[in-house]
Amino acid sequence: GIRTYMDDTVAFAKEHLYVETLFGRRINTPNIADRGPRAGFAKRAAINAPIQGTAADVIRRAMIRMPEAIEKLPAKMLLQVHDELLFEVEDSAVDDLIKAAKTVMEAASLPAVKLDVPLTVDAGQGASWAQAH
């Protein structure tokens, strides 16, 4: 199925000059018809964009919903690093924050997109980002 996905995605990009995430967000692929060394890059970018773009859409949806989910906790969302969210939270509320964040993140695609494979979220904690890993 991977080869079919790759071939179909490149063909779609060549015809339409864009690809789409599962949420319908368009990513332009103006160089998809290039020849030479840039052609390989353009094809790889077109193949990767729907996957990476969908991941970005999911984390963005989670970030939008997070403030309401944690508003009663002594915590705040600090930043996003790729597919991770970093929070500052009082020690007494760590477990509650983890539960709330996992709930929001695992359901972030809904109701717009029901994924065939469920999202699962791992959580860590520590005094620093490095310690939380």
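The values are calculated or read from the model by the stated rules, or taken from the named source; none is laboratory data. Everything numeric here is computed off the predicted structure, so don't read it as measured data. We place every Cβ from the backbone using ideal geometry, glycine too, and count neighbours over all the protein chains shown. Keep in mind that these areas ignore ligands, DNA and RNA; they rest on the heavy atoms of the full protein, side chains included. Shrake-Rupley method; radii C 1.70, N 1.55, O 1.52, S 1.80 Å.
List of remarks:
- Considering region 18-32, and only residues there that are open to solvent by 80 Å² or more (accessible area, probe 1.4 Å) and in a strand (DSSP E or B), the residue that is nearest to Gln80 (Cα to Cα) turns out to be Arg26.
- Near pairs, Cβ below 7 angstrom, 6+ apart or cross-chain, from region 9-36 (closer than 25 Å to Ala112 by Cβ) to any residue that is small (Gly, Ala, Ser) and part of a loop (DSSP other than H, G, I, E, B): Phe23/Ala112
- Where a residue in region 86-99 is farther than 14 Å from Val121 by Cα and its partner, wherever it lies, is of a type in the set (Phe, Trp, Tyr) and in a loop (DSSP other than H, G, I, E, B), with Cβ under 6 Å and at least six apart: none
- In summary, Val81 fulfils each of the numbered conditions (1) farther than 21 Å from Ala132 by Cβ; (2) at pLDDT below 95 with the single exception of condition (1).
- Residues within region 105-122 that are out of contact with any strand residue (DSSP E or B) (no Cβ under 9 Å at 6 or more places or on another chain) and either basic (Lys, Arg) or open to solvent by less than 60 Å² (accessible area, probe 1.4 Å) (or both), tallied: 7
- Ile59 being in contact (Cβ under 8 Å) with a residue 12 or more places away in the chain, within 14 Å of Ala123 (Cα to Cα), part of a helix (DSSP H, G or I) and not acidic (Asp, Glu): no
- Subset tally (residues that are of a type in the set (Gly, Ala, Ser) and within 20 Å of Phe23 (Cα to Cα)) for region 90-112: 4
- Restricting region 33-63 to residues that are under 13 Å from the mean Cα position of the chain (by Cα) and among the β-branched types (Val, Ile, Thr), the residue that is most open to solvent (accessible area, probe 1.4 Å) is Ile51.
- Residue satisfying all of: in region 65-85; in a helix (DSSP H, G or I) and over 25 Å from Gln52 (Cα atoms); most open to solvent (accessible area, probe 1.4 Å) among these: Glu68
- Evaluating Val113 against the criteria (1) over 15 Å from the mean Cα position of the chain (by Cα); (2) aliphatic (A, V, I, L, M); (3) in a loop (DSSP other than H, G, I, E, B) leaves one unmet condition, (1).
- Failed item in (1) modelled with pLDDT of 95 or more; (2) assigned to a helix (DSSP H, G or I); (3) open to solvent by 80 Å² or more (accessible area, probe 1.4 Å), with Glu88 passing the rest: (2)
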